[in-house]
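See below for the structure under consideration.
The values are calculated or read from the model by the stated rules, or taken from the named source; none is laboratory data. Since the model is a prediction, treat every value here as computed from it, not as a measurement. Glycine also receives a Cβ, built like all others from the backbone with ideal geometry; neighbour counts cover every protein chain displayed.
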Amino acid sequence: MKKAVLMFVLLLAGCATHRHMRQEDVVITTEIDVPKLSTVQSFDTSKTWLTRHLYSRKKIIEYADEATGVIVANGSITYPAMGKLDAIDKIQYTISFTMQEVIKEGEISLIFYDLLLTVPKSYLHSRLQPEAYLGGYTVPVEERSDFEAARKGVLELTAKLAEYLNQ
């Protein structure tokens with residue numbers, strides 16, 4: 001009986017660590033204050049920074065309209081590990097995203113959405129399974145821990161953009 005209770009408690013503990021999120025909640029929003037720049041300067045400087053600092057398998061600048069002050073860009077970041085175990089477990093993982101930048105006088109609103117987690121392909125060799133490839137796929141970010149890592153990464157990216165704009 002004690003073993004059954006212990007197994008049940010361990011099962012519940014495992015379920016608590018993997019909390020799934022609804023896709024409509026997997027969005028990160030933030031703002032940058034740019035008091036010294038005009039809307040046109042913010043637009044041009046942002047476009048330059050995005051093309052120089054973002055990496056993506058897709059086209060980096062997907063859409064840019066100076067009249068409305070909207071830029072839509074694609075990018076990816078290295079998975080920002082939240083600790084030593086996470087750094088070992090998620091080595092070479094990446095998070096890709098689509099970013100919408102809305103530029104207004106004195107401020108820029110950023111919305112990160114379509115967050116995708118890319119798991120690298122790795123080779124496994126053991127006595128039980130002589131040759132096996134694992135990973136090599138991309139999935140939407142659904143787990144709370146992956147979302148928090150994505151938030152950490154895009155906020156660091158946003159800080160770099162803000163520093164560039166306000167220098």
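Considering the range 139-156 alone, what residues qualify as being under 19 Å from residue 24 (Cβ atoms), in contact (Cβ under 8 Å) with a residue 40 or more places away in the chain and of a type in the set (A, V, I, L, M)?
Result: 141, 150, 154.
Can you tell me which residue within the range 19-49, out of those that are of a type in the set (Gly, Ala, Ser) and surrounded by 13 or more Cβ atoms within 10 Å (Cβ to Cβ), is nearest to residue 107 (Cα to Cα)?
Among those that are of a type in the set (Gly, Ala, Ser) and surrounded by 13 or more Cβ atoms within 10 Å (Cβ to Cβ), it is 42.
I'm trying to understand the selection: among the residues of the range 50-85, which are crowded, with 16+ Cβ neighbours inside 10 Å and farther than 18 Å from residue 112 by Cα?
81
Within the range 55-63, does at least one residue satisfy the condition of being over 16 Å from residue 150 (Cα atoms) and in contact with a Phe, Trp or Tyr (Cβ under 8 Å, 6 or more places away or on another chain)?
no
Return the only residue of 76, 56, 38 being under 16 Å from residue 166 (Cα atoms) and among the small types (Gly, Ala, Ser).
One residue alone meets the criteria, 38.
So, in the range 31-68, exactly how many residues are touching a Ser or Thr at 6+ places or on another chain (Cβ under 7 Å) and β-branched (Val, Ile, Thr)?
Here the count works out to 4.
Give, as residue ranges, the strands (runs of 3 or more DSSP E) completely inside the range 50-167 that count at least 3 residues that are modelled with pLDDT of 90 or more and acidic (Asp, Glu).
Here the list is empty.
I need every pair where a residue in the range 56-69 that is of a type in the set (Val, Ile, Thr) has its Cβ under 6 Å from the Cβ of a residue that is surrounded by 10 or more Cβ atoms within 10 Å (Cβ to Cβ) and part of a loop (DSSP other than H, G, I, E, B), sequence separation at least 6 or different chains.
Listed pairs, sorted by first residue: 60/54.
Give the number of residues within the range 23-47 that are farther than 20 Å from residue 63 by Cβ and under 16 Å from the mean Cα position of the chain (by Cα).
Count: 4.
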